[in-house]
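Undergrad: Please see the structure below; I have some questions.
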Amino acid sequence: MDCVFCKIVSGELPVNKEFEDDDIVVFKSNRPETPVHLLVVPKRHIESLKVAEDDDVQVLGKIQLMAKRMAEKFEIVGGYKVMVNAGKFQEVPHIHYHLKGGMN
């Protein structure tokens, strides 16, 4: 599989990880649109929210809570966005959530 996020998860492509556990990895976007722009990515390859299944509920919920924790870690106090793209709006075919904020 030629998935850039799978390569990051496997360590083939290095990134500075802000968090990692058995299910997810968090790292800074290489094209930040806000002062804090993190990507929260499940380790298991799920192509898109369009194809997510009931079996994915636990990891998708964990991603949401991790976005909240990262907002706290980075002291985003004025509000933030948690976004997921699908279909023509999704650039990398591996589901990932954007945490954007820091414009306090």
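The values are calculated or read from the model by the stated rules, or taken from the named source; none is laboratory data. The structure displayed is predicted, hence computed values, not measured ones. When we count neighbours, we look across all protein chains shown, and the Cβ atoms used for this are built from the backbone with ideal geometry, even at glycine.
Undergrad: Run residue 52 past the list (1) among the small types (Gly, Ala, Ser); (2) closer than 10 Å to residue 100 by Cα; (3) buried (at least 16 other Cβ atoms within 10 Å of the Cβ) and report the number of the one that doesn't hold.
TA: In the conditions (1) among the small types (Gly, Ala, Ser); (2) closer than 10 Å to residue 100 by Cα; (3) buried (at least 16 other Cβ atoms within 10 Å of the Cβ), residue 52 misses (2) alone.
Undergrad: Which residues, taken from segment 78-104, are within 14 Å of residue 63 (Cα to Cα) and in contact with a Cys (Cβ under 7 Å, 6 or more places away or on another chain)?
TA: Passing the criteria: only 94.
Undergrad: Filter segment 55-102 for residues that are under 18 Å from residue 31 (Cα atoms) and basic (Lys, Arg); which is surrounded by the most Cβ atoms within 10 Å (Cβ to Cβ)?
TA: This residue is 100.
Undergrad: Could you check segment 19-49 and list, in sequence order, the residues that are touching a helix residue (DSSP H, G or I) at 6+ places or on another chain (Cβ under 9 Å) and exposed (fewer than 11 other Cβ atoms within 10 Å of the Cβ)?
TA: If the condition is that a residue be touching a helix residue (DSSP H, G or I) at 6+ places or on another chain (Cβ under 9 Å) and exposed (fewer than 11 other Cβ atoms within 10 Å of the Cβ), then 21 is the only one that fits.
This table checks each residue for (1) of a type in the set (A, V, I, L, M); (2) modelled with pLDDT under 95.
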site: 23; (1), (2): no, no
site: 27; (1), (2): no, no
site: 39; (1), (2): yes, no
site: 47; (1), (2): no, no
site: 70; (1), (2): yes, no
site: 79; (1), (2): no, yes
site: 94; (1), (2): no, no
